[in-house]
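Structure first, then comments.
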Amino acid sequence: MPALSGDIVIETSDKSIPLLVNPASGTLAPAAPARLNLFDLDREGLERFFAETLGEKRFRAHQLMKWMYHQHVTDFSLMTDVGKALRTKLEDNCEIRPPNVVLDKGSTDGTHKWLLGMDTSNSIEAVFIPDKGRGTLCVSSQVGCGLNCQFCSTATQGFNRNLSTAEIIGQVWTASRHLGNQTHKHRKLTNVVMMGMGEPLLNFDNVVRAMSLMRDDNGFGLANKRVTLSTAGLVPMIDKLSEVSDVSLAVSLHAPDDDLRTELVPLNKKYPIAELLDACVRYALRKPRISITFEYTMMKGVNDKPEHARALARLMRKFDAQVQREDAAKVNLIPFNPFTGTRFERSEESDIRAFQKILLDQKVLTMVRRTRGDDIDAACGQLKGQVMDRTRRQSDFKRKLEQQGINDAA
Ligand code: SF4
């Protein structure tokens, strides 16, 4: 429905919703086809909505956020410190709608996975990984992914669409409620990593808005360094991110030279390693307290040889020197998690340890990520959900598997 003349149009993640309340007269405009999902607005957006659309004081937005994010309440009638008139206005015009939980599965190691329905034909996955004193939620930013990294299960499914802010923060909300997480009191969810399905920097505005809710005191109240965005290396967007957000950065490197990286991460053709590392240097210089992690998935015989480790160490030392900080670069070695139809295998444990030792000997802070959630297909790189592919990649992948005599894929 087109906006009425004089209406304020509220920009949501993927559509514009015409104003429902005229702030000057306080009268209601004709009903819009969809209600505004308040999960789509960050603090600033919600304040504006309250002041300019509902004609209410801005602090009312903070009250509402506490109900939504601290108490996990979605029913306006239960918000006892919100006046009846405002509750009625909210009920008439808005909703607080989390994603639909299609499947909810726990692993023997404490990892928990949610399959969340995003619409009638698409679903995505979010995974919670508890570890000594911390609990990390891995969140998706898109339905599928268009970047085609060769070792990634999500890539085989193709791409459908970006997730809205509501669909991104809804993953955190769902996990937080399930865990009985209490913001500022009894935290079970201490970290969020944007490392699930999708390339977050290709869904920039919605991701930035959702990450602001993760860090807002009236939202989930996480420290900047505890929210991490992982990118395959979209150089201009890394610079843009540094202008608007203070989150930690993780970069999917996976190879120490351009030939190999282009083979594994095709985006490297557009933004080669030197340009990518320059962008990371700029990010690190602008955010001196924020860490940058370089992710390196270990694949047997592909990128796990001593010469790869030595080349990677040289890149990391150069990065440290440019940032003028020892240990500015951290390397995260991720044992590859196989999925049906992949041509890659996980590196031998001994090769991973030898690789780590070469880096540590060169004074590069290097960790090996423990594989978690294997039994529920929730390990790193295994997230799938259900994607109505718009790129035909899934059918290409299925055809390739059939040619190899593998039928039960994707
Ligand atoms: S690794 Fe990340 S960026 Fe690459 S295809 Fe998979 S989801 Fe997309």
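FYI, it's all coordinate maths here, none of it is from the lab. Since the model is a prediction, treat every value here as computed from it, not as a measurement. FYI the Cβ positions are ideal-geometry reconstructions off the backbone, even for glycines, and counts take in every protein chain you see.
If R0 is 56 Å, what FRET efficiency do you get for Asp361 and Asp75 from their C-beta distance, rounded to 0.05?
The computed FRET efficiency comes out at 0.45.
In what sequence do His186, His178 fall when counting other Cβ within 10 Å, fewest first?
His186, His178
Quick one: dipole size for the chain, taken about the Cα centre, charges +1 on Lys/Arg Cβ and -1 on Asp/Glu Cβ, in debye to the nearest 20.
About 740 debye.
Compute the label zone of Arg289 within the range 184-212: residues whose backbone N is under 13 Å from the point 7 Å along Cα-to-Cβ.
Answer for the range 184-212: none.
What list do you get for Val82, Val101 if you sort them by fewest beta carbons within 10 Å?
Ascending Cβ contact count within 10 Å gives the list Val101, Val82.
Could you calculate the FRET efficiency of Arg325 with Lys84 from 1/(1 + (r/R0)^6), where r is the beta carbon distance between them and R0 is 60 Å, rounded to 0.05?
For R0 = 60 Å, the calculated efficiency reads 0.60.
Distance between Cα centroids, the range 144-166 to the range 176-201: provide it in whole Å.
Distance between centres, Cα-based: 21 Å.
What distance in nm lies between label points placed 7 Å from Cα along the C-beta direction at Glu52 and Asp257?
The two pseudo-label positions are separated by 5.4 nm.
Name the residue from Ser123, Thr183, Met299 whose Cα lies farthest towards the positive end of the charge dipole of the range 100-403, charges +1 on Cβ of Lys and Arg and -1 on Cβ of Asp and Glu.
Among Ser123, Thr183, Met299, the one farthest towards the positive end of the dipole of the range 100-403 is Thr183.
Take the Cα of Lys270, step 7 Å along the line toward its Cβ, and report every residue of the range 202-222 whose backbone nitrogen sits under 19 Å from that point.
Residues 202-208 qualify, since their backbone N sits under 19 Å from the label point.
Tell me, Arg161, Arg325 in order of fewest to most beta-carbon neighbours within 10 Å?
Arg325, Arg161
Add -39500 (n - 2.57) for each DSSP H run of 4 or more in the chain, then divide by its residues: what number comes out at 222 nm, to the nearest 500 deg cm²/dmol?
It comes out at -9000 deg cm²/dmol, rounded to the nearest 500.
So for the pair Lys132, His186, with labels modelled 7 Å out along Cα→Cβ, what separation do we get in nm?
Result for the modelled spin labels: 2.4 nm.
Please grab the % of Cα pairs in the chain that end up more than 35 Å from each other.
The calculated P(r) of the chain puts 30 percent of pairs beyond 35 Å.
Once both labels are modelled 7 Å past Cα along the beta-carbon direction, what's the Val101-Lys300 spacing in nm?
3.8 nm
Quick one: helix 349-361 against the long Cα principal axis of the chain, what's the angle to the nearest 10°, folded into 0 to 90?
Result, in degrees: 90.
Return the FRET efficiency for the residue pair Ser121, Asp92: r is the Cβ-Cβ distance, R0 is 22 Å, and the value is rounded to the nearest 0.05.
In this case the efficiency is close to 0.15.
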